[in-house]
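One structure below.
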Amino acid sequence: MENKIRAVLLTTAGVLTAMLFWSWKHRPPEAFLVRTAAAETQDIYNSVTIFGTVESAESTAVCPAKNGVVSAVYAATGDTVQKGDILCTLTDIGRSQTAADYWQTAQSVFAISGTVNTVTAEDAHALYAPMDGTVLTVPQAGESVSVDMPCIQIANPDKLRVRAQSPELYVGELAVGQRANITFSAVDGTFHAGLTTIAPAAVKTFSLTNEDPEATVEVLLDLNGSTKNLRPGYSATVKVFTDHRDDAAVVPYEAICQRGEQEFVFCVQDGHAVQCAVQTGYLLEDTVEIIDGLPTGVSVILSPPDELTDGDPVEVQT
C-alpha cells in the first residue's frame, strides 16, 4: 500500500514539475520599458546664408563735360538734394595740374559703383543733381575732374537693395523670386527681401595667403517694406529660403534607427512595438523630417533598446 501511495506522489510531483516547467517556458516575454513621443507636423524651411552690402537700387553718377578743377562745392556727402540743384562749379584745367591731381580724381571715381546709371553734364562749368536723392559722392574744392570719369553720385535712399556673394556650392539652390530675411550689425531687427538677379558667371577671388581661390556668384536682393535707418555700405547677413514644405511630418532624432541602408522607427500599437520603414528628409534642429512611411499622430519609441524587435511587448513610461 505504501509503495502505491509513494508511486502516486512521485507521479503527481512529476506532473506538477512538468506543468511548472511548461508554464515557465511559455510565459509571456517581459515588456520593454520605453519612452515615446508623438509624430508631429510643422512647416519646414531650408535656407542658405550668404553675406553682402547695402546699396541704392536707384542711383546716377555725373561725369563732367570736360576736364576741369572744382572751384566751389555746394553740397556734402549725405545731403538731400533735388533734381537741378547745383552741386559744384568748375574752372578750366591749368597746365600746372600734376599726376597727383589725376590720382586724387581716380580715387574718388573708384569709390563709385560701376553699376549705376552714368550721365555727362551739359554745362562745362557746373555740375547739377541729375535726380532727387542723397549725395553719396562729391568732389572737394581744388580737386581735378576728368571728362568721362564720374565724380558725383546721387542715390534714392528709399530704394535699397543688397548685393551679395554666394559661394558656388549654394548657387544651384538659388532661384529668382526666392524670399530672404536680412539682418545688419548696425541696425536691430530683421528685414525682408526678394532675390531678383543671379549673375550668369562666377568670379574667383584670390587670397594673399596663397589659398585656392574661391568662386562666388553675385546676387541682388531688393529690400521690401521700410528701410528706415539703413544706409548704403552697411554689411548684411542674408538668409535665403531655398525650399519649404507645409505640414511636414517630423519625429525626434532619437526615434530613427538604421540597419544597413534601411531607416526605420518603432511605433507603439496595442502595447507592442511595430517596426515601420521610413524615408527621411531634412535634418532639423531637434527633429528629422519623415517623407514617407509614417502616419502623423502615432507614438514612436525614443532611443529603442538594441534588443527590441518587431512585435515585442512594451510598457510606456509615464
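Estimated from the Cβ-Cβ distance and a Förster radius of 35 angstrom, the FRET efficiency linking ALA72 and LYS228 is about 0.55.
By the count of other C-beta atoms within 10 Å, a proxy for reagent exposure, THR120, THR280 are ordered fewest to most as THR120, THR280.
Beyond a 25 Å Cα-Cα separation, which of these cross-linked pairs lie in this structure: LYS159/LYS239; LYS159/LYS204; LYS204/LYS239; LYS83/LYS228?
Listed pairs above 25 Å: LYS159/LYS204.
Amide H contacts for ALA273 (H built 1.01 Å from N in the peptide plane; partners 5 or more residues away or on another chain; cut-off under 5 Å): GLY311, ASP312, VAL314. Under 5 Å between amide hydrogens, built in the peptide plane, is the criterion, and for ASN67 it picks out VAL147 among residues at least 5 positions away or on other chains. Once you reduce the range 208-263 and the range 28-72 to the center of their Cα atoms, the two points are 6 Å from each other. Exposure proxy shown here: for ILE256, ILE50, ILE152, the number of other Cβ atoms within 10 Å sets the order, fewest to most, as ILE256, ILE50, ILE152. In the range 47-72, whose amide N lies under 17 Å from the spot 7 Å out along Cα-to-Cβ of VAL147? List them in ranges. 62-70, by backbone N distance to the label point. Modelled spin-label separation between ALA175 and ASP132, with each label point placed 7 Å from Cα along the Cα-to-Cβ direction: 3.8 nm. Shown for LEU223, LEU308: other C-beta atoms within 10 Å of each C-beta, ranked fewest to most, produce the order LEU308, LEU223. If R0 equals 35 Å, the separation of the Cβ atoms of VAL316 and ASP286 corresponds to a calculated FRET efficiency of about 0.95.
Note on GLU214/ASP123: beta-carbon distance plugged into 1/(1 + (r/R0)^6) with R0 of 41 Å gives a FRET efficiency of 0.35.
Amide H contacts for ALA72 (H built 1.01 Å from N in the peptide plane; partners 5 or more residues away or on another chain; cut-off under 5 Å): THR89.
Where a number appears in this text, it was derived from the coordinates with a stated rule and is not lab data. Given the structure is predicted, the values throughout are model-derived calculations rather than measurements. Cβ sites come from the backbone with ideal geometry, for glycine too, and all protein chains shown count toward neighbours.
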